[in-house]
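The values are calculated or read from the model by the stated rules, or taken from the named source; none is laboratory data. Just so you know, these numbers come straight off a predicted model, no measurement behind them. Cβ sites come from the backbone with ideal geometry, for glycine too, and all protein chains shown count toward neighbours.
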């Protein structure tokens, strides 16, 4: 174990060293320890990337295969257009894989929209072939279509402080079954030109993520403050934190911070509730669309340094810390939404 509480991955080799002389014969054992922690971390990241790439390839390939079956029908035009779109998708993925294999410095810019477009393609093909579930498929098509519609011009002069207070009030109600201290600190009163619905969903998605990763007895604090040339909304929790390995990939699209079999479906705002990836992807879409930045800083709890280590979910059940202060010192995460200076009118609160 390292001084920071983390563990080392070691490769151990042994060999026998014999020495002989006229008077005596000796045999010693030489043990060599080699630190392979970084190599193992890269190998885990590689495995997860390949797992998700496999899933990414499987979806468009399924659509192509299904569309090909319809080539001889009267709907050839639609099928060919579907094939072209997904063929391009496969080419894009192939380039990403090539960059990874060649150990390049590729940074994927990904969002949820292409996935939804693929799903819409698949639903439309199912509608052509299957009339049994047409009502359900039509409903699904309409719902996905609404998400893919170009956003209406709902931009307004939004007071962030009011939306923060509303989000905190809602989160307190929704997480009332938890023992979490949720508080806010507003150092500035800032007006932002943005869709009110977007800022509400952005705040709530991070707030929900913070609560779900903080054990009972912990704290979640949301702050609004002024930085040089920007307004910064920060949500800090005293939760389990994110490992350094996962922090490097958290917005990468292909990468998930936990192994698949560690995810669970629980009540929203429960500790360790699943389904966080979609919220972060949605937040990324909003950031790209409305030109703000999203950042994450985290320190993994020193007592559960690995991603498959489990927190008991409450400070009172922890074997390592006894107080709220000790828990907060062991790990934390801060998500930030940064609004650039050209998109705000800021007033210092008195």
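Could you check, for segment 247-264, whether at least one of its residues is in the same structural domain as residue 187 (by TED's automatic domain parsing), within 15 Å of the chain's Cα centre (by Cα) and at pLDDT 90 or above? No, segment 247-264 contains no residue that is in the same structural domain as residue 187 (by TED's automatic domain parsing), within 15 Å of the chain's Cα centre (by Cα) and at pLDDT 90 or above.
Name every residue in segment 265-295 that is touching a helix residue (DSSP H, G or I) at 6+ places or on another chain (Cβ under 6 Å) and either at pLDDT below 75 or not assigned by TED's automatic domain parsing to the domain that holds residue 309 (or both), in order of residue number. Passing the criteria: 276, 279. For segment 212-235, the set of residues classified as more than 23 Å from residue 172 (Cβ to Cβ), assigned to a loop (DSSP other than H, G, I, E, B) and touching a helix residue (DSSP H, G or I) at 6+ places or on another chain (Cβ under 7 Å) consists of 229 only. Remark: residue 142 matches the filter, which requires a residue to be surrounded by fewer than 12 Cβ atoms within 10 Å (Cβ to Cβ), out of contact with any helix residue (DSSP H, G or I) (no Cβ under 7 Å at 6 or more places or on another chain), part of a helix (DSSP H, G or I) and at pLDDT 70 or above.
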